[in-house]
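Structure first, then comments.
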Amino acid sequence: MNKTELLGRWTKEKSEELYGIKNWGAGYFSISEKGDVLVNPYKDNESAAVSLMDIISGVRERGLDMPVLLRFENLLDSQISFLNNSFGEAMKKLNYKGVYRGVYPIKVNQQQQVIEEVTKFGQRYHHGLEVGSKAELVAALSLMKDKEACLICNGYKDEEFIDLGLYAVKMGYKCFFVIEMPGELDIVLERSQILGVQPNLGIRIKLSAKAGGHWTESGGDRSIFGLNVSQLISMVDTLKEKNMLDSLKLLHYHLGSQIPNIRDIRSAVLEATRVYAELVKEGAPMGYLDLGGGLAVDYDGSNTNYSYSRNYTVEEYCTDIVEAVMSILDSSGVPHPVIVTESGRTTVAYYSVLLFNVLDVEKFEEYDIPDKLDESTSEQIKNLYDVNKNLSLKNIQECYNDALYYRDEIRDMFKHGRISLRERAFSEKVFWNTINQIAKEKQKLKNSPPDLEDIESAIADIYYCNFSVFQSIPDSWAIDQLFPIMPIHRLLELPKRNAVIADITCDCDGKIDRFIDLHDVRTTLPLHELKNGDDYYLGVFLVGAYQETLGDLHNLFGDTNVVSVRINPDGNYDLVKEIQGDSVADVLSYVEFDPKDMLVRFRETAEDAIRDGLISASDRREIMKAYDNGLRGYTYYER
Ligand SMILES: *Cc1c(COP(=O)(O)O)cnc(C)c1O
């Protein structure tokens, strides 16, 4: 029995603490009395909570296999309300005279369902859209109906893009062109003259303020986008010359995404508001201050300025912004503008949960070794054995180095034919037994020696899971982003194993070996032992932002099945939409194979095999059926 077992029964509270679900769950995710993960978009209304295991069985009954991406429409709605209400309350409390008008940046999750839900539900707050390309503008105009909401056009704009935006203005949309580069202004003015529509202009500026964090290259003097101060002034002069200064209504900046430190947010707002006040003094009508994105998600729940966290709440974010804007403008007598933010990550991260089953486990073997060695054992193996037997807390670092040394020496001897395969196998057992003991001893130390920091992952089990990192959580692979991952059931049982996760691509990068932790990054995840024949399910949470369209077809694993869920206040739920994931034929056609043609060719091969007497005609029928089933199948492991 280990310590935890001696201390008493494992409980849901212990699971809550171990996996940090209350820290990162934002009140949406919790654990039930039965030990399942619950989802609840209504936070305080406990009777609305729905078990993810119930949803899985519903999904299974409808014939959809794992992996499945669940999208919870209400979580999207709830985040939009939360953001708008938080700004609303901050403005009321501080007696701000303007209003808040959020826009959702389409690039963060472009799925039609997301945009439709944002425009439909967001209407009550006049929550608008931000587009960064022609395609996104075309998508926005197909769904947006609200003429009070903002439609912000960032990005490189060609003539088609500009014409479409101008027609939107003509139709009554609050559509803004944000000028990102000096050269853009001429073409916007030219097209607006030709079409006879006065544009709403915005300017994107480069701030000198630069934020810490992972995605913050967009800020600072050398950022790719935006005008510097002298370019800004010369644009104001051009507008004055052309008698068009009355078109300049918005100031925009974007520091970058996931800004963990509130101080960076504050100093950027202060600087931008100063620029805003000066533009008003120059005679521009202005009226809109657009602070871009950056509102971070607390992925690890640590509430710190670590890259995947944030040291502020959404309420504090709103209050600090409103306060900062007022502190500058009130002293210069400039009216309060409409505050716009382009928060994408916070709006959609909670919305999607990826679920998959564990296919297999490679357990770390805790080898037993004998109490005594044969006299005939070779010297090096004896040395390794002595290291094992003399191990103590005081000398673990030394033992670790010695164990590695002797192991390598023994491997060399094997290569040169000086010991047998059996002897080498025995030495590996002694080695792993030693490493395992070192890892156990290490837990007694307050500060771990640097060399031993990752020793847990060396003796971790490998849980092979039915999903692709590359397709479903690309940022985990590309930039080591952390997402909360945990079992979604059996949470009243002690998770006895420490594991790393491998996906089913045969790529050694297709793994997860960094996990959230309050103080650090864990290298293993505590998981339950598989029970014979029972499915074991894990969830990756907060994957609604940026993951879906960045995902790729590595090893030709395609889109997963997607199910949209709407949870009702009484705890019933509807599966409002199902999207079948890619079939094998689908992904092959993405790389220019033609499934019909493939069938024809394979049939020829089978026919040849009949002619050569290898198979019978009825074999051919069965073989073709298997090939056809393969083409139609889901790209993931099917039951
Ligand atoms: C990506 C992007 C956003 C979204 O940022 P989040 O941090 O996800 O809220 C907003 N505005 C612009 C211009 C962007 O490029």
* Candidate set: the stretch 108-136, residues that are within 12 Å of the ligand (Cβ to nearest atom) and part of a helix (DSSP H, G or I); chosen: the one nearest to the chain's Cα centre (by Cα) -> Val108
* Asked: Any chance the stretch 568-581 includes a residue that's over 16 Å from the mean Cα position of the chain (by Cα), aromatic (Phe, Trp, Tyr) and either within 27 Å of Ser47 (Cβ to Cβ) or in a strand (DSSP E or B) (or both)?
  -> yes
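Pick from Ser307, Ser331: which is modelled with pLDDT under 95, within 16 Å of the ligand (Cβ to nearest atom) and open to solvent by 10 Å² or more (accessible area, probe 1.4 Å)?
Values: Ser331 fails: within 16 Å of the ligand (Cβ to nearest atom).
So the residue among Ser307, Ser331 that is modelled with pLDDT under 95, within 16 Å of the ligand (Cβ to nearest atom) and open to solvent by 10 Å² or more (accessible area, probe 1.4 Å) is Ser307.
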* Here are Ser457, Ser427, Ser420, Ser352: which of them is touching a residue at least 24 places away in the same chain (Cβ under 8 Å) and out of contact with any strand residue (DSSP E or B) (no Cβ under 7 Å at 6 or more places or on another chain)? -> Ser427
* To do: List every residue pair whose Cβ atoms sit under 8 Å apart, with the two residues 6 or more apart in sequence or on different chains, where the first one lies in the stretch 593-619 and is farther than 17 Å from Asn629 by Cα and the second, anywhere, is loosely packed, with under 11 Cβ neighbours inside 10 Å.
  => Ile610/Ala617
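Return the residues of the stretch 244-258 that are outside any strand (DSSP E or B), more than 16 Å from the ligand (Cβ to nearest atom) and not polar (S, T, N, Q); say none if nothing qualifies. If you could, list the steps in order and put the result at the bottom.
First pass over the stretch 244-258, keeping only residues outside any strand (DSSP E or B): 244-247, 253-256, 258.
Next cut, more than 16 Å from the ligand (Cβ to nearest atom) only: 244-247.
Passing the criteria: Met244, Leu245, Asp246.
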* Write out, first by first residue and then by second, each pair whose Cβ atoms fall under 9 Å of each other, whose residues are 6+ apart or on separate chains, and whose first residue, in the stretch 103-114, is farther than 12 Å from Val562 by Cβ and among the aromatic types (Phe, Trp, Tyr) while the second is in a helix (DSSP H, G or I) and more than 12 Å from the ligand (Cβ to nearest atom). => Tyr104/Ile80; Tyr104/Val114; Tyr104/Ile115; Tyr104/Val118; Tyr104/Thr119; Tyr104/Gly122
* Given the conditions (1) surrounded by fewer than 20 Cβ atoms within 10 Å (Cβ to Cβ); (2) out of contact with any Pro (no Cβ under 8 Å at 6 or more places or on another chain), which single one is not true for Val269? -> (1)
* Return a yes/no flag: does the stretch 376-384 have any residue that is away from the ligand (no atom under 16 Å from the Cβ), open to solvent by less than 10 Å² (accessible area, probe 1.4 Å), of a type outside the set (Ser, Thr, Tyr) and touching a strand residue (DSSP E or B) at 6+ places or on another chain (Cβ under 6 Å). => no
* Would you tally the residues in the stretch 362-375 being among the charged types (D, E, K, R) and either free of Cβ contacts under 8 Å to residues at least 60 places away in the same chain or open to solvent by less than 90 Å² (accessible area, probe 1.4 Å) (or both)? => 4
* Where residues in the stretch 312-328 are open to solvent by 10 Å² or more (accessible area, probe 1.4 Å) and over 30 Å from the mean Cα position of the chain (by Cα), which of them is nearest to the ligand (Cβ to nearest atom)? -> Glu323
* Residue that is least open to solvent (accessible area, probe 1.4 Å) [pool: residues in the stretch 425-452 that are in a loop (DSSP other than H, G, I, E, B) and polar (S, T, N, Q)] -> Ser448
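Applying the selection to the stretch 63-76, what residues are of a type outside the set (Phe, Trp, Tyr) and out of contact with any Asp or Glu (no Cβ under 7 Å at 6 or more places or on another chain)?
Keep residues of the stretch 63-76 that are of a type outside the set (Phe, Trp, Tyr), which gives 63-71, 73-76.
If the condition is that a residue be of a type outside the set (Phe, Trp, Tyr) and out of contact with any Asp or Glu (no Cβ under 7 Å at 6 or more places or on another chain), then Gly63, Met66, Pro67, Val68, Leu69, Leu70, Arg71, Asn74, Leu75 are the ones that fit.
Hey, among the residues in the stretch 137-168 that are in a helix (DSSP H, G or I) and open to solvent by less than 10 Å² (accessible area, probe 1.4 Å), which one's farthest from the ligand (Cβ to nearest atom)?
Within the stretch 137-168, the match that is farthest from the ligand (Cβ to nearest atom) is Leu166.
Is it the case, given these coordinates, that Ser302 is part of a loop (DSSP other than H, G, I, E, B), surrounded by 15 or more Cβ atoms within 10 Å (Cβ to Cβ) and within 16 Å of the ligand (Cβ to nearest atom)? If you could, list the steps in order and put the result at the bottom.
Values: part of a loop (DSSP other than H, G, I, E, B): yes; surrounded by 15 or more Cβ atoms within 10 Å (Cβ to Cβ): yes; within 16 Å of the ligand (Cβ to nearest atom): no.
Criteria not met by Ser302.
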* When you look at Tyr350, is it crowded, with 24+ Cβ neighbours inside 10 Å, of a type outside the set (A, V, I, L, M, F, W, C) and under 21 Å from the mean Cα position of the chain (by Cα), yes or no? -> yes
* For the stretch 456-470, name all the residues that are open to solvent by 10 Å² or more (accessible area, probe 1.4 Å) and assigned to a helix (DSSP H, G or I). => Glu456, Ser457, Ala458
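Just to be sure before I move on: is Val591 closer than 28 Å to Met66 by Cβ and either modelled with pLDDT of 95 or more or in contact with a Lys or Arg (Cβ under 6 Å, 6 or more places away or on another chain) (or both) in the structure I sent? Can you show your working first?
Details: closer than 28 Å to Met66 by Cβ: yes; either modelled with pLDDT of 95 or more or in contact with a Lys or Arg (Cβ under 6 Å, 6 or more places away or on another chain) (or both): no.
Here the answer is no, as Val591 does not meet what is asked.
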* **the stretch 363-397, residues that are modelled with pLDDT of 95 or more and either among the acidic types (Asp, Glu) or part of a strand (DSSP E or B) (or both)** => Asp386
* To do: Hey, can you tell me all the residues within the stretch 14-54 that are aromatic (Phe, Trp, Tyr) and open to solvent by 10 Å² or more (accessible area, probe 1.4 Å)?
  => Tyr19, Tyr42
* To do: Residue by residue through the stretch 324-366, note down the ones that are out of contact with any helix residue (DSSP H, G or I) (no Cβ under 7 Å at 6 or more places or on another chain) and hydroxyl-bearing (Ser, Thr, Tyr).
  => Ser327, Ser331, Thr341, Ser352
* Would the stretch 522-535 turn up any residue that is open to solvent by less than 10 Å² (accessible area, probe 1.4 Å), within 16 Å of the ligand (Cβ to nearest atom) and at pLDDT 95 or above? -> no
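May I ask you to verify whether Leu359 is buried (at least 22 other Cβ atoms within 10 Å of the Cβ) and part of a strand (DSSP E or B)? Break it down into steps so the answer makes sense when it comes.
Working: buried (at least 22 other Cβ atoms within 10 Å of the Cβ): no; part of a strand (DSSP E or B): yes.
Answer is no for this residue.
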* Asked: If we keep just the residues of the stretch 234-243 that are loosely packed, with under 14 Cβ neighbours inside 10 Å and in a helix (DSSP H, G or I), which is farthest from the ligand (Cβ to nearest atom)?
  -> Glu241
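The values are calculated or read from the model by the stated rules, or taken from the named source; none is laboratory data. As the structure is a prediction and not an experimental result, all values here were calculated from the model. All Cβ positions, glycine included, derive from the backbone under ideal geometry; neighbour counts span all protein chains shown. Heads up: the accessible areas ignore ligands, DNA and RNA and are worked out on the full protein's heavy atoms, side chains in. Shrake-Rupley method; radii C 1.70, N 1.55, O 1.52, S 1.80 Å.
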